[in-house]
Amino acid sequence: MKTTLKILLSIIYIATITSCEKDITLNLPNPEQKLVIEGAIENGEYPYVIITKNQAYFAPVDTNTLINMMVTDALVTVSNGNITDTLKFTPYLFTIPPYRYVGSKFKGEIGGTYKLKIEFESKIYESITTIPEIVPLDSIKFTYQKPDTFGILWAYGQDPPELGNYYRIFTKTIGKDYVFVHPSYSLGDDKLANGKYIEDGIIRGKDPARPQEEYETNDGEPPYWSFLKGETVIVKFCTMDVESYEFWKSAEQQASNNGNPFAAPTTIKTNISNNALGIWTGYGAYIDTITITDDIIIDF
């Protein structure tokens, strides 16, 4: 009798749930058209800016879509206070999308302040950023995640005594990456580590310009995020201001939520005026090149 009752209750439950099912069609309105701006200047490098237009949330994203979204005829200038440089729209094959506005009159300097101005369709978009002091790394080490197969890097350095330092890390594996890539979470601050000696693990990020099939790991192969003994890796450890940190933190949070309908919505920060989306970042970049050999391998 108990078994029969359980079966009957199960049938009623399933029938109830099934009867509550309903096809739902979401008709989301098209978003207000805005510019999406990503620009940066770092010490020793010319400024660059990438400008696209936003699109609907569920619109397809591929290379052709991104190229069609690009803004190719904006007037983009960057000033260092003495010189104003008009950036030129230039092919840049190693990024997605493969074009950017690039400067040619001056390179970034530590402590310099840089004003971005974009004129497009009778509107002006502006932002200001500063390149903060470099925080150098003391050393970079390697540790195996799987013995004698693959591993990750470890960066060591001293956080300055002043509170309010913000970091972002990139790597470029020679022979694998066209450009500097960042891991899925590339950021750090000194809220809990102010003035302390810090260490942080580094994994390899994805180069968006490379075929994504390269990042599909078969059984027995090292995962794409790992480094291998014998590889030469350029590590770029960057400082930046709090506005840039907040933008990249919100952008990485949104990226981690991508495809998850139950994730809390993320509001992307911006430091661009006139209701544009995006960021104008000044990076204080410390760069070191290491080859993974026995003398930098450590065990935990």
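The values are calculated or read from the model by the stated rules, or taken from the named source; none is laboratory data. Fair warning: this is a prediction, and the values are worked out from it, not measured in the lab. In this analysis, Cβ positions are derived from the backbone assuming ideal geometry, glycine residues included, and neighbour counts consider all displayed protein chains.
Tabulated results
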| read-out | value |
| --- | --- |
| Residue in region 194-215 that is part of a loop (DSSP other than H, G, I, E, B), among the aliphatic types (A, V, I, L, M) and at pLDDT 95 or above present | yes |
| Leading residue by the ranking (modelled with the lowest pLDDT) among those in region 256-295 that are of a type outside the set (A, V, I, L, M, F, W, C) and in contact with a Leu (Cβ under 7 Å, 6 or more places away or on another chain) | T270 |
| Y215 under 22 Å from the mean Cα position of the chain (by Cα) and surrounded by 15 or more Cβ atoms within 10 Å (Cβ to Cβ) | no |
| Which listed residue is among the acidic types (D, E), buried (at least 17 other Cβ atoms within 10 Å of the Cβ) and at pLDDT 95 or above, from D159, D138 | D159 |
| Cβ-Cβ under 6 Å pairs, at least 6 apart or on other chains, region 179-190 side over 8 Å from K206 (Cα atoms), far side among the aromatic types (F, W, Y) and surrounded by 19 or more Cβ atoms within 10 Å (Cβ to Cβ) | F180/F170; L187/W248; G188/Y167; D189/Y166 |
| Lone unmet requirement of (1) surrounded by 20 or more Cβ atoms within 10 Å (Cβ to Cβ); (2) outside any loop (DSSP other than H, G, I, E, B) for P132 | (2) |
| Residue check for K115: surrounded by fewer than 17 Cβ atoms within 10 Å (Cβ to Cβ), among the basic types (K, R) and under 18 Å from Y283 (Cβ atoms) | yes |
| Residue list for region 143-174, restricted to those being of a type outside the set (V, I, T) and under 21 Å from the mean Cα position of the chain (by Cα) | L153, W154, A155, G164, N165, Y166, Y167, R168, F170, K172 |
| Hits in region 162-193 - residues which are among the β-branched types (V, I, T) and part of a strand (DSSP E or B) | I169, T171, T173, V181 |
| Long-range neighbours under 9 Å by Cβ, at least six apart or interchain, first residue more than 15 Å from Y156 (Cβ to Cβ) within region 289-300, second surrounded by 10 or more Cβ atoms within 10 Å (Cβ to Cβ) and acidic (D, E) | T291/E231; I292/E231 |
| Residue check, K123 modelled with pLDDT of 95 or more, among the charged types (D, E, K, R) and farther than 25 Å from E45 by Cα | yes |
| In region 38-54, residue modelled with the lowest pLDDT [restricted to those that are closer than 19 Å to F247 by Cα and polar (S, T, N, Q)] | N54 |
| Where a residue in region 124-148 is farther than 30 Å from E243 by Cβ and its partner, wherever it lies, is outside any strand (DSSP E or B) and among the polar types (S, T, N, Q), with Cβ under 9 Å and at least six apart | F142/T293; Q145/S226; K146/S226 |
| Residue match in region 276-284 (condition: closer than 19 Å to Y178 by Cα, hydrophobic (A, V, I, L, M, F, W, C), in contact (Cβ under 8 Å) with a residue 60 or more places away in the chain and assigned to a loop (DSSP other than H, G, I, E, B)) | no |
| Members of region 80-89 found to be in a strand (DSSP E or B) and either modelled with pLDDT under 95 or buried (at least 16 other Cβ atoms within 10 Å of the Cβ) (or both), listed by number | D85, F89 |
| Residues of region 100-122 that turn out to be in a strand (DSSP E or B) and either under 18 Å from T52 (Cα atoms) or not aromatic (F, W, Y) (or both), as a count | 11 |
| Residue check for S244: of a type in the set (G, A, S), at pLDDT 95 or above, surrounded by 11 or more Cβ atoms within 10 Å (Cβ to Cβ) and not in a strand (DSSP E or B) | yes |
